[in-house]
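These notes concern the structure reproduced below.
The values are calculated or read from the model by the stated rules, or taken from the named source; none is laboratory data. Not measured: the values here are computed from a predicted model. Every residue, glycine among them, receives a Cβ derived from its backbone with ideal geometry; neighbour counts consider all protein chains shown. Heads up: the accessible areas ignore ligands, DNA and RNA and are worked out on the full protein's heavy atoms, side chains in. Shrake-Rupley method; radii C 1.70, N 1.55, O 1.52, S 1.80 Å.
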Amino acid sequence: MFAKITSLGLRGLTGFAVTAEADLAPGLPALTLVGLPDSAVKETADRVRSALKNLGYTWPVSRITVNLAPADVRKTGPVYDLPVLLALLCASGQLPAVNERFAFIGELSLDGQLRPVTGVLPMALAAAQQGATALFVPQANAAEAAVVQGLTVYGAADARQVVAHLQGQRRLTPAAPTRFSPAPPEELPDFADVRGQPAARRAMEIAAAGGHNILLIGSPGTGKSMLAKRLPSILPPMEQAEALETTKIYSVAGLLPGGGLYSHRPFRSPHHSVSPSALSGGGSVPRPGEVSLAHNGVLFLDELPEFKRDALEILRQPMEDGQVTVSRVSGSAVFPSRFMLVAAMNPCPCGYYGHPTHPCTCPPSAIARYQQRISGPLLDRIDLHVEVAPVNYDELSGEAQGEASAPIRARVEAARKIQRARYAAMGLEGVYCNAQLPAGALRKVCLLEPEASALMRGAFSRMGLSARAYDRVLKVARTIADLAGAQRISAAHLAEALQYRSLDRTAAYSL
């Protein structure tokens, strides 16, 4: 006898339809699993055999062939355990034929319990696109799959509950649809803890308001890491489309906490020993790396020059394109990687070059080699270069606290609201902040007053700005103008943006 069950697979962040076909034929009892399965899929036969026995069903005494179609696409993971079990039950007459518009995914334990699997959200989206009306998943994955509209999701604790539902004996309760609502900020470190540093605080506010990359340069103990870790507390909540993209990434990576949408902006801080593949993503089956896990959030690289050169250079393409392509022999996958880069570094190996009271012990050649660990193309992609000065005793010991995160976040959200309205009116879908502004719309948005235009002309030649740096200065100036509620970019807005290119100024003055 022959039976087939609809299931789903995953390739990168995209789900695709899979049909689990089972055929029982006369011959010596054996099971052959075909359809380009990986090792985890090949082990499906052993898990299904034990689950059938422990659930009280009969293992067919026949020559069994199970095919996972399409046969030319590699199948990965244990998600096909449940559909293969149901296909065998249907083919052996223990279960009536199943509606082809019902889809099933789930890993089986040896006693028939359903274990959660990764990548459920992309597969649920693919099921809805393929016309499925119902999706059966492990109970722990039900809230995640219920994000998809127009799809009835059933969460089951074990395979017996699924079979009873299909037989009409005991119906499963559909999972309640998951609605998106912007989450309030979590208990995050507050900017009120930061003493002094008015220039650095202002730069962090500008970076948050426009989604810009920022580099903090200063001696040890000046508060660089402290500032970076407080950036999420002033970022605006995610839009629904942003939350959906981020949830898909964390679902595939197996890092989705609980169920539903991932509603908080991610903050990733990999150690400087991280490998290039861990940053960009990889593996025999491509999985998202740190640049994708930070999508719509913050990627914090502390002690930037200590990272391997080849790892840092991997950042260049994701920072420019907002996505990273991971290619392997088995295929390639494209992962979104639109993040805010926040980096911190010392000015020299000993850390005290330019310190007002602590002498630097590094020779000039060592300072130059240290700073040259970061390539020019990477620095060119960082919008704000901020020098973080040491904090004096009076600021540290005083009772007055710095401005808290809440009023800063209110100003950031007001600026972001201006930007969203502007780009929605221009028909720029997926553009939520100035840092994401495409080059074709730059001249329409970043309008300079005559004095600002003259200032920009002089700065371009004196500082030796590249075309990319020119565009990024304009975007930062546009953000400063948005924070001020100005329609056009004035000379004051542009001057402030230019002062955040400190490494460009240093390079120009050293010529």
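Dipole size of segment 154-298 about its Cα centre, with +1 on Lys/Arg Cβ and -1 on Asp/Glu Cβ: approximately 180 debye, rounded to the nearest 20. With protein chains left intact and a 1.4 Å probe, residues in the chain average 43 Å² of accessible area per residue. Taking each of Lys229/Lys308; Lys53/Lys248; Lys229/Lys444; Lys224/Lys417 in turn, the alpha-carbon distance tops 32 angstrom for Lys53/Lys248; Lys229/Lys444. Beta bridges assigned by DSSP with both partners in the chain are antiparallel in approximately 50 percent of cases. Scanning residues 5 or more positions from Asp158 or on other chains, those with amide H under 5 Å from its amide H are Leu114, with H placed 1.01 Å from N in the peptide plane. The length gained on full extension between Thr361 and Asn99, counted as 0.36 nm times the residue separation minus their Cα-Cα distance, comes to 86.8 nm. I'd like the distance between the alpha-carbon centres of segment 336-390 and segment 142-157, rounded to an integer number of Å. If we compute the Cα centre of each part, the gap is 48 Å. Leaving out ligands, DNA and RNA, what percent of the accessible area of the chain is carbon and sulfur, probe 1.4 Å? Result for the chain: 52 percent of the exposed heavy-atom area is carbon or sulfur. Remark: segment 290-297, residue by residue, has Karplus-estimated 3J(HN,Hα) of 4, 5, 8, 5, 8, 4, 6, x Hz, where x stands for each Gly or Pro and the curve is 6.51 cos²θ - 1.76 cosθ + 1.60 at θ = phi - 60°. Spin-label pair Ser284-Asn392: with each label point 7 Å from Cα along the Cα-Cβ axis, the two points sit 6.2 nm from one another. So if R0 is 35 Å, what FRET efficiency would Ser461 and Ala241 give, r being the distance between their Cβ atoms, rounded to the nearest 0.05? Step by step, r from the Cβ atoms, then E = 0.30. Applying a DSSP loop filter and a limit of 12 other Cβ atoms within 10 Å to the trypsin sites (Lys or Arg not before Pro) in segment 165-217 leaves Arg170, Arg171, Arg179.
In sequence order, segment 159-167 has phi-based couplings of 5, 4, 5, 5, 5, 4, 5, 5, 7 Hz under the Karplus curve 6.51 cos²θ - 1.76 cosθ + 1.60, θ = phi - 60°, and Gly or Pro positions carry x. Mind pulling the angle between the C-alpha long axis of helix 240-253 and the longest principal axis of the chain? Nearest 10 degrees, somewhere in 0 to 90. Computed tilt is about 60 degrees.
The solvent-accessible area of Thr6, taken with every protein chain present and a 1.4 Å probe, is close to 40 Å². Scaling the Cα radius of gyration of the chain by the globular reference 2.2 N^0.38 Å produces a ratio of 1.17. Note on segment 385-489: Kirkwood radius taken over Cα pairs, Stokes-Einstein applied at 20 °C and 1.002 mPa s, translational D equal to 133 µm² s⁻¹.
Within the full protein context, the accessible area of Glu107 is estimated at about 40 Å² for a probe radius of 1.4 Å.
Applying 1/(1 + (r/R0)^6) with R0 = 51 Å to the Cβ-Cβ distance of Ala25 and Gln149 gives a FRET efficiency near 0.75. Computed with a 1.4 Å probe over protein heavy atoms only, the accessible area of Cys360 comes to about 50 Å². Give the shape of segment 290-414 as rounded, prolate or oblate, defined through the alpha-carbon gyration tensor: a ≥ b ≥ c are the square roots of its eigenvalues, a/c under 1.5 means rounded, and otherwise the shape is prolate if a/b is larger than b/c and oblate if not. It comes out oblate by the Cα gyration axes.
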